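Here is the structure we will look at, set down as structure tokens.
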Amino acid sequence: MGQSRPCRAKALVVEDDPLQREMIELLLAESEFDVISCESAEAAELVLQSNGDHVVLMLTDVELAGNMTGVELAYAAKKYSPDLDVIVTSGKPLRQRLPDGALFWSKPWAPLDVIRVAEMKASELSGGGSRRS
């Protein structure tokens, strides 16, 4: 009672498959992240334009609803926030180059991978380390 919680880190999930999106949301929420979800890159870009400096982690699929791909979104995200940790996922081999610092995860990835990255980012933000994933 009366305790103030520190501001939680924000993660952006961009996935047009509702089941995948919900699973990632739950995993990140369990890791103490506030999660913003979008099903298209265009919607995610609007979030980044208005909240880009508050989002610290973004997970996006390559193939999304709309006209923009997850790879294009990764480049846009890095433009808004160069230090943003970006993970791009796909069930197909990635044929495009990702921006510097972005990671590619081939589907299926393990839920533990999301938790591990989220916990590393949370530790980094709380001063527990500066190692990038």
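Okay, here's what the table says:
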quantity	calculated
Some residue of the range 3-15 being assigned to a helix (DSSP H, G or I), within 12 Å of the chain's Cα centre (by Cα) and within 22 Å of ILE115 (Cα to Cα)	no
Search result, residues across the range 24-46 that are within 12 Å of the chain's Cα centre (by Cα), of a type in the set (A, V, I, L, M, F, W, C) and either surrounded by fewer than 21 Cβ atoms within 10 Å (Cβ to Cβ) or assigned to a strand (DSSP E or B) (or both)	VAL35, ILE36, CYS38
Test: residue in the range 76-93 that is in a helix (DSSP H, G or I), aliphatic (A, V, I, L, M) and over 20 Å from LEU112 (Cα atoms)	yes
Answer residue from the range 109-133, given it is under 23 Å from MET23 (Cβ atoms) and of a type in the set (Asp, Glu) and is modelled with the highest pLDDT among those	ASP113
Residue in the range 74-94 that is surrounded by 15 or more Cβ atoms within 10 Å (Cβ to Cβ) and of a type in the set (D, E, K, R) present	yes
ASP61 vs. criteria out of contact with any Lys or Arg (no Cβ under 7 Å at 6 or more places or on another chain) and surrounded by fewer than 17 Cβ atoms within 10 Å (Cβ to Cβ)	no
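The values are calculated or read from the model by the stated rules, or taken from the named source; none is laboratory data. Remember, it's a predicted structure, so these values are computed and weren't measured experimentally. Cβ coordinates were reconstructed from backbone atoms using ideal geometry, including for glycine residues, and neighbour counts include every protein chain displayed.
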